[in-house]
Every structure is written in structure tokens, then in C-alpha cells.
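J.: I have a structure I would like to understand better, so I am pasting it below and will then ask my questions one at a time.
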Amino acid sequence: MNTSVAKETSHQPGPTTLILGTAGHIDHGKSTLVKNLTGIDPDRLPEEKQRGMTIELGFARLDLPREGNDESPLRFGIVDVPGHERFVRTMVAGAAGIDIAMLVIAADDGWMPQTQEHFDILTLLRVNRGLVAITKCDLVAPERISDVEADIRERLRKSPAADWPIVQTAAAKGTGIDELKHRLAELASNAARPATNHLFRMHIDRVFTIHGRGTVVTGSVVSGSVQVDDELEMLPVGHVCRVRGIQNHGEDCDSAGVGARAALNLTQVDRSAVERGMDLATPGYLTASRYIDIHLNLLPHLKKRLPSHRKVRVLTGTREVIATLVLLGISELEPGATGFAQLRLYEPIAASFDQRIIVRDETAEQTLGGATIIRPVSTRLQPMRPEVLAQIEAAASHDARVRLADAYRAAGFQSLNDRQLSARVGIDEATVATLRDELIADSTLVHVAEVLTHRDVLKQLRDRAVTRVARHHEVHPREPGLGRDKLIGWLTARTHKKLAKPLLQHFINAGDLKENGTFIATADFGPQLSPEDEAALRKIVIEIELAGYDPPKWEKLNATAGLSRPRLKELFNLAKIDPRLQVLNADQLISTAALERIKSIVEKLGVGGQKFTLAQVRDATGKSRRIVQALLEYLDKAGTTRRVGDERQYTGK
């Protein structure tokens, strides 16, 4: 985006846009070649012009007619990367999102160390479409050019680039430029772009401010499209901003899609809060995480095995982060081998399923390999547990249904929206909905309250809850169970507050646990009563049954006279789960028989939905207002009766 903002916005049908990235050793003529192709010098910094060396990413535009004279032209956004080994990080940032690579090799030097590293990076990033430009052909003999070309062919022979065209060029004479353009148009015209998610994503590679306009960011659009006035989320910080304007290579436009180089003028965000390496995405799409699980591919020419728990540099999109690389199921990995691993990042990053990353050593001197992101959001894994390896294999499955099930399993009791699942599984939102319905139908996914979770997650928590209650039984065999509130607190700590009670009810309904009054017990548990307990309870039950509708408070019972407070509490807990008794209120029990009688009375009074008063119940029972009031309040709470003003109705419960 240039400083001129008064241009007319173009409404003409846009060209097919692609990103062309350069790669190669320092001083092999990448920037000169770009200038010859486009007329634009991608080296924009004074230091670059002074030293004759690319330091930062450079950008240019190349418009070409499509092969076959199609009316729709081709537009290449060219990203020129530095070739010096100190700037590999910047090179990877430039390679993020490129569609076609141009590997540049000077005829006088031939294949050099940074040529190899850049080519390795392109291969690891799965950039399989490209060509090779041999530069400086006017400076060497024809025999030398033939030797260099033969060497290149041999090096590419066993790689995905084996059939890349090789074009000989000479910048001083303009030799080979037309051939390069022809080859680029051919590559672009003959290869369809893979299907992409409609959700927007762009890696930010430049940030600057324009007076009167505010913050501007540039980058390559790698997913979806963006329009003026769209809201976008800046990651990993999670700040939401709005798109004020869009430019593509200096031209105002209404939108920018996959393959475009875009400059976005943003509002609601300060320049100081933005830096290269951040992502812009559709709100709610990506989730920043410090743990990501990957499938790692080491380069074959490494000299040493890679041990687990090694500190590495992770290059993803336009960002670089330090991480600890933890191998899963193995302690080390051979050069050229592949394996699953977890990256424990020092700073969170936002990523998506199947995203490619580069892994370098901690000193940034060597590229170790590349990886495919399997789980962009994970938790700290125990690397040697067999089930961990089995689960990550499911997460890496070619079957999207299996991946979606694993995403729910990995999320536990966390609610995920379809956008988040799209990023984590690598499918569009519509497919998420379809596959989720299938997983619900076969009971792989289970609803608990408003949360949808994997049955394995539910089973694991259920087993732990049953074990927790069983341990309480072992320690306190004479108690009726673990206090309900204590178990709810335990479940809250492992899920969240709104889910604890529904989960407990789910386990009770499934028969895994049972209620003993205000206590929770395992399904097969019964308190182990001593002869003394049984005798004491018998006396308590008889006294309460004889009291009928007006039982004494617990500590006023003759049967409990003289007992210590611990003994009173112990017997009270046992009495509360005795089927012959019911809890009338916090310190009073009533016989089950008395409750059945009062229920029978209100049922008769309320037959046919007829309303009745407290006075009618008082007359039917022959008891005082105080006694009847307590009984009706119990029935109201139990749902047997419903109060309507000063009257009540029988509900049938």
C-alpha cells in the first residue's frame, strides 16, 4: 500500500493471482532477475542498495497473459527473499504461502550451501511447483553452463522438483526473460489451485503507518478472502480490528483472496500492538496455543540423530518461536526418518491442521527438518504412553471423520464452534456439521447439558468419579457415601461449574453412581452397619414413626439422648438414607409412612386440578397450622404440590 490513497477503486473482474517466491544463495542474482522480469527493484532499503545484498523481503508484481489467450490474465505477487545464511528466518517468512518457486543458481558458482538449504525449505514446505533460473550465463563458457545444468538435474532427480523447467538467463543482455515469463505462465495455467477454506487467513510480513490512514499490514493471503469493512482477529493476541482499505501492489480494491499480496489498512488497532509474525484471520477461526502436535520429517543429510526434549526454533508462517521438541513414543529420531512429536512453545502461536512448519536448531545455524501440524491446539502430553501415540495417529488420519472425533476427544469438555473445528481438522464448516451428526448418531459424541463431548472423555471422567467415591467407601465404610457437594466440587475442578451437576446426574441416570440422600455412593454400595448402629437406628425409626406428622428435631429424640456430637452426626447420616425415613428439613426427619399419608390427603383434596387451602389440609389431618405448614412446604419443595397465591394444587409428582 503506497502513500497515495486517492485512487479510484477498481471494479473490474480481477486476474488470477498467485505468489511467486525466489530462493537461492546470496549474490546469485535473485533481485536482479526480479527487476528484469518486472521493472521493479525489490531491494527497497538503503542498506540493501549500499551493500548489494537483500536483507529484508522485497516485493514486486508481474502480470502475464494466460497460456491459450484466456481473457483472464495472470498476476504474480513476487516475494524476493534474502540469500544470506543469517536471514533464513526471513527467507522462510517469504516462502509462507507461495504457489510457485523460482530457484536461482548462478552459472559461475553453481549449487551452493544456501541453495541446498533454500531448496530443502521449499521441499519441506511442500512447494512442488516451480522452475530453476540459471543466472550470469554471460559470464561463463557454454561448457560450464552445461555442467551446472547437469548437476542441478542430478540434485533434483529424486525430489518433487525433478521435472522443473531450467531456464538460462543473463541479466545484462536480458537473455532468457521471455522464456521465464512463458514458463511461469505455463506453470500457472496448467495447475489448478487446491480447494481452500473460505475462512480468511494472512501471515503478516510488514507493518507500517501512513499519515492520516493509520496502521497498514502486508502479507500473502493463504486462505479465504477479505473485503473492506470486514472484522478480523489478530493472533496470537486475539485483538479484533476492522479493514478500512485494501490494496494489491498499490492499487485500491474491494477484496483480496488466496494467492494475492494484500496491504490492509486497519482500524481499532495501534501500530505498536502489531508486529511481523502475527496472523490475521476470520474471528473465531484460529486458536493460539503453546502446545502443538506434529508429524516431523528430518532432513536425510543431518549428521546426528535428533534426541527428544531438544530445544529448537520453529518457523511457521512469518513467525519464529523457540520450543522444546518432545518425540512421542521414541527417544531419538534418525536423519531422514519421520515420527510424531509435540512442540512445547515458549510463546503461543496460531496454526491450523496440515500447516507446514520448518524446524531449525536452537542456534539458527542448521535446518533440521519440516513438519505437518496434526493438532494445532493440544495439551502437555506424556510422550511414552501408548494411548498418546494411538490418539495422535487418529488425529493424523486421512479420514476427516476420525480426525473430527479426535478433536472432540482432545478438547475434553471444552465447547468448540465449527470455525475452530474447521481449523483443527482441516475441513470446511459444512463438512464439520455433517460429520458431527454422524458421530452423534453412532454415540461417539455425547451431549451432557449444552456440551458435546467424546464418549471416551465421558467414560474416563466417570471411571475417575466412581473411583473417587469408592475410595471414600474404603476409608469410611460406615458412612452413606461421599457428600454430594464434595463430589460436585471435585467435578467442577476437572470440568467447569455449569457442567458439574449435569455430569453427576448423567452418572446417576446411567447407574454408575446412586444417591443416598445428600450423599453419593457407588451403585453396589451399602453401609456396613455394626449391631450397635442397627439397634440405635431401630429405636430412632420407631420413635419418629410414633411421632407421625410432628417428629421431634434430631437432637431432641429420646433415642439419641446422651450421645456425643460425632456419634450423633454419624447416626444422622445413616438415618437420612434409611428407606423408612425422609429428610423433612435440615434437623428433622419424618417417617416415610407419614409422608405417604399426607400425600394421599392432598391428592384427594386436589383431585381434578381443584385448588385447596392450608386450612383444608389442617382439618383433614386434625393437626395444628404449624405442623401442616411444615408438611406443605416440604411437598412444595418436592414438587408434589404447587402454590398458587394462598392456595395449592396437586401436581401428581
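J.: Considering each residue of the stretch 539-577, count those that are part of a loop (DSSP other than H, G, I, E, B) and under 21 Å from residue 628 (Cβ atoms), and give that number.
T.: Within the stretch 539-577, residues that are part of a loop (DSSP other than H, G, I, E, B) and under 21 Å from residue 628 (Cβ atoms) number 6.
J.: With the requirement that a residue be in a strand (DSSP E or B) and under 53 Å from the mean Cα position of the chain (by Cα), what does the stretch 610-648 give you?
T.: Passing the criteria: 641, 642, 643, 644, 648.
J.: Quick check on the stretch 444-465: of everything there that is over 17 Å from residue 394 (Cβ atoms) and surrounded by fewer than 16 Cβ atoms within 10 Å (Cβ to Cβ), which residue is modelled with the lowest pLDDT?
T.: My answer is 450.
For (1) outside the structural domain of residue 632 (by TED's automatic domain parsing); (2) surrounded by 16 or more Cβ atoms within 10 Å (Cβ to Cβ), each residue gets a yes or a no:
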position: 504; (1), (2): yes, yes
position: 515; (1), (2): yes, no
position: 519; (1), (2): yes, yes
position: 572; (1), (2): no, yes
position: 575; (1), (2): no, yes
position: 591; (1), (2): no, yes
position: 612; (1), (2): no, yes
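J.: Here's something else I'd like to know. Of the residues that sit in the stretch 600-609 and are among the β-branched types (Val, Ile, Thr) and either under 22 Å from residue 582 (Cα atoms) or assigned to a strand (DSSP E or B) (or both), which one is modelled with the highest pLDDT?
T.: 601
J.: If we scan the stretch 626-640, do we find a residue that is of a type in the set (Lys, Arg) and surrounded by 14 or more Cβ atoms within 10 Å (Cβ to Cβ)?
T.: no
J.: Checking residue 174 against (1) at pLDDT below 95; (2) buried (at least 18 other Cβ atoms within 10 Å of the Cβ), only one condition comes out false. Which one?
T.: The failed condition is (2).
J.: Moving on. Determine whether residue 529 is surrounded by 14 or more Cβ atoms within 10 Å (Cβ to Cβ) and at pLDDT below 90.
T.: yes
J.: A further question follows. Mind checking whether some residue in the stretch 245-259 is out of contact with any Pro (no Cβ under 7 Å at 6 or more places or on another chain), within 17 Å of residue 350 (Cβ to Cβ) and part of a strand (DSSP E or B)?
T.: No - not one qualifying residue is present in the stretch 245-259.
J.: Out of (1) touching a helix residue (DSSP H, G or I) at 6+ places or on another chain (Cβ under 8 Å); (2) assigned to a helix (DSSP H, G or I), what's the single condition that is false for residue 529?
T.: (2)
J.: Can you spot a residue in the stretch 302-313 that is in contact with a Lys or Arg (Cβ under 8 Å, 6 or more places away or on another chain) and under 22 Å from residue 346 (Cβ atoms)?
T.: Yes, some residue in the stretch 302-313 is in contact with a Lys or Arg (Cβ under 8 Å, 6 or more places away or on another chain) and under 22 Å from residue 346 (Cβ atoms).
J.: Then there's this: Against the conditions (1) of a type in the set (A, V, I, L, M, F, W, C); (2) within 30 Å of residue 501 (Cβ to Cβ); (3) free of Cβ contacts under 8 Å to residues at least 24 places away in the same chain, where does residue 559 fall short? Just the number, please.
T.: (2)
The values are calculated or read from the model by the stated rules, or taken from the named source; none is laboratory data. These numbers were taken from a predicted model, which means no experiment stands behind them. Neighbour counts are summed over all protein chains in view; Cβ atoms, including those assigned to glycine, are modelled from backbone coordinates with ideal geometry.
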